[in-house]
Amino acid sequence: MSSRTPITVLALGGNAILQRNQTGTFLEQYENVRSTAAQIAALVNDGLRIVIVHGNGPQIGATVIRHEMGQANVPPLPLHACGAETQGFLGYVIQQSLRDELSKRGTKKAVATIITQVIVEQSDPAFRHPSKPIGPFYTKEQRDTLLKDRSDLVIKEDSGRGYRRFVPSPDPKRVVEDDAIRVLVADESIVIACGGGGIPVIKQGTRLQGVDAVIDKDLAAERLATSIQAENLVILTDVEGVFLNYGKPDEQLLSKIGHEELQGYAQKGYFATGSMGPKVEAVIRFIRNGGRRAAIANLKDVGRAINGSAGTQITS
């Protein structure tokens, strides 16, 4: 693949689908995706081969709530099946929006969503220490009410923005459908894969079994990018890039940095586990595993992030 057009894996943050202070209606999410799709279509027109990974934190939380509230009438589905539901729903929205944008530009490219499973290990300590926030933010009073009815839930503060439900987030080991994704990308198709980090599964002999967890989408994006030998991994979020002392008077944007130096900052605790930490870990792994270049940038700067003039650029 490396002799042809370089492959770029785009990991879309939640702001590509749901903006802060929005309620999460289908129309809100659809309009947000359409705006993002326009930017991606422009990149495809420039000749890039694109693979899209997206988050699903708010959506899977909402899906779980729907199942729990409807269980008096229909049996609820487990968390891993809810992840599959959101992959399908969000993949449909991204796929349709991107196809429409490409058609407007006269570009004939196939766009395909792959419902993706990702292997994790049953022994992963994450299953004993839930750390991945999903669903809406709650006030302290709402949290207390929920825990009265569901003592099995883990609800705690999330980065000072309120309280959220936390679930296990095991480390992704392998993308099950990577062969199929590789074939589609080689055929110049635009692929949407590993939505929400992929459906977490464990190996049981020759079988795969879903487990109740949510994989970090940035770490899954790295596993996929490495597997399909992508040259670039671009993680898009709602901040300008990676900062030291973020939100403080002495905050400092890291514009260009080697992965070893970035790892040194990570080991010193500069990046929060629930926000920038997994993104930093993903780009470090990508470069360490042979990737050419990685970037963490604001969604609105996707084009400049890819050409190296925006966000935090990470090299070997």
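Quick one: is G91 part of a helix (DSSP H, G or I), at pLDDT below 90, surrounded by 15 or more Cβ atoms within 10 Å (Cβ to Cβ) and on the phi < 0 side of the Ramachandran plot? Break it down stepwise before answering.
Values: part of a helix (DSSP H, G or I): yes; at pLDDT below 90: no; surrounded by 15 or more Cβ atoms within 10 Å (Cβ to Cβ): yes; on the phi < 0 side of the Ramachandran plot: yes.
The answer is no for G91.
If I ask for residues that are surrounded by fewer than 21 Cβ atoms within 10 Å (Cβ to Cβ) and either out of contact with any Lys or Arg (no Cβ under 8 Å at 6 or more places or on another chain) or farther than 24 Å from K248 by Cβ (or both), which ones from the range 300-316 would you list?
The answer is K300, D301, G303, R304, N307, G308, S309, T315, S316.
May I ask you to say which residue of S275, S309, S227 is over 30 Å from S123 (Cβ atoms) and among the polar types (S, T, N, Q)? Quick ask: steps written out before the conclusion?
On the way: S275 fails: over 30 Å from S123 (Cβ atoms); S227 fails: over 30 Å from S123 (Cβ atoms).
Selected residue: S309, the only one of S275, S309, S227 that is over 30 Å from S123 (Cβ atoms) and among the polar types (S, T, N, Q).
Across the range 19-55, what is the number of residues that are of a type in the set (A, V, I, L, M) and within 13 Å of the chain's Cα centre (by Cα)? Before you say what the answer is, go through the steps one by one.
Going through the range 19-55, the residues of a type in the set (A, V, I, L, M) turn out to be 27, 33, 37-38, 40-44, 48, 50-53.
Still in the running and within 13 Å of the chain's Cα centre (by Cα): 51-53.
So the answer is 3.
Quick check, is T116 farther than 12 Å from R164 by Cα, touching an Asp or Glu at 6+ places or on another chain (Cβ under 6 Å) and not aromatic (F, W, Y)?
Spelling it out, T116 is indeed farther than 12 Å from R164 by Cα, touching an Asp or Glu at 6+ places or on another chain (Cβ under 6 Å) and not aromatic (F, W, Y).
Which residues, counting only those in the range 125-141, are free of Cβ contacts under 8 Å to residues at least 40 places away in the same chain, farther than 14 Å from I65 by Cα and either surrounded by 19 or more Cβ atoms within 10 Å (Cβ to Cβ) or not charged (D, E, K, R) (or both)?
P125, H129, P130, T139
Consider the range 40-71. How many of its residues are surrounded by fewer than 21 Cβ atoms within 10 Å (Cβ to Cβ), of a type in the set (D, E, K, R) and outside any loop (DSSP other than H, G, I, E, B)?
Result for the range 40-71: 2.
Condition test on L253, is it more than 21 Å from G55 (Cα to Cα), touching a strand residue (DSSP E or B) at 6+ places or on another chain (Cβ under 8 Å), surrounded by 20 or more Cβ atoms within 10 Å (Cβ to Cβ) and not hydroxyl-bearing (S, T, Y)? If you could, list the steps in order and put the result at the bottom.
Working: more than 21 Å from G55 (Cα to Cα): yes; touching a strand residue (DSSP E or B) at 6+ places or on another chain (Cβ under 8 Å): yes; surrounded by 20 or more Cβ atoms within 10 Å (Cβ to Cβ): no; not hydroxyl-bearing (S, T, Y): yes.
For L253, the condition - more than 21 Å from G55 (Cα to Cα), touching a strand residue (DSSP E or B) at 6+ places or on another chain (Cβ under 8 Å), surrounded by 20 or more Cβ atoms within 10 Å (Cβ to Cβ) and not hydroxyl-bearing (S, T, Y) - is not met.
Looking at the range 209-316, what helices (runs of 4 or more DSSP H) fall wholly within it and have at least 3 residues that are hydroxyl-bearing (S, T, Y)?
Helices (runs of 4 or more DSSP H) meeting the threshold: none at all.
Results for (1) of a type in the set (A, V, I, L, M); (2) in contact (Cβ under 8 Å) with a residue 24 or more places away in the chain, shown as yes or no for each residue.
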| site | (1), (2) |
| --- | --- |
| Q229 | no, yes |
| L236 | yes, yes |
| K248 | no, no |
| E251 | no, no |
| I257 | yes, yes |
| E260 | no, no |
| G264 | no, no |
| A272 | yes, yes |
| M276 | yes, yes |
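Does any residue of the range 104-112 turn out to be within 16 Å of the chain's Cα centre (by Cα) and outside any loop (DSSP other than H, G, I, E, B)?
At the first step, the residues of the range 104-112 found to be within 16 Å of the chain's Cα centre (by Cα) are none.
Checking the range 104-112: not a single residue is within 16 Å of the chain's Cα centre (by Cα) and outside any loop (DSSP other than H, G, I, E, B).
State which residue is modelled with the lowest pLDDT when the search covers only the range 72-88 and only residues that are among the aliphatic types (A, V, I, L, M) and not in a helix (DSSP H, G or I). Spell out how you get there, then give the answer.
Within the range 72-88, the first condition is being among the aliphatic types (A, V, I, L, M), and the residues that meet it are 72, 74, 77, 79, 81, 84.
Then keep just the ones that are not in a helix (DSSP H, G or I); that gives 72, 74, 77.
Values: A72: 90, V74: 95, L77: 94.
Looking at the filtered set, the residue picked out is A72.
Any idea which of (1) without any contact (Cβ under 8 Å) to a residue 24 or more places away in the chain; (2) closer than 20 Å to A81 by Cβ is the one Q19 doesn't satisfy?
(2)
Look at the range 211-227 and say how many of its residues are surrounded by 17 or more Cβ atoms within 10 Å (Cβ to Cβ) and over 17 Å from the mean Cα position of the chain (by Cα).
1
Say whether the condition of being at pLDDT 95 or above and small (G, A, S) is met by at least one residue in the range 202-209.
Taking every residue of the range 202-209 in turn, none turns out to be at pLDDT 95 or above and small (G, A, S).
The values are calculated or read from the model by the stated rules, or taken from the named source; none is laboratory data. Keep in mind the model is a prediction, meaning the values are calculated, not measured. Backbone-built Cβ (ideal geometry, glycine too); neighbour counts: all protein chains shown.
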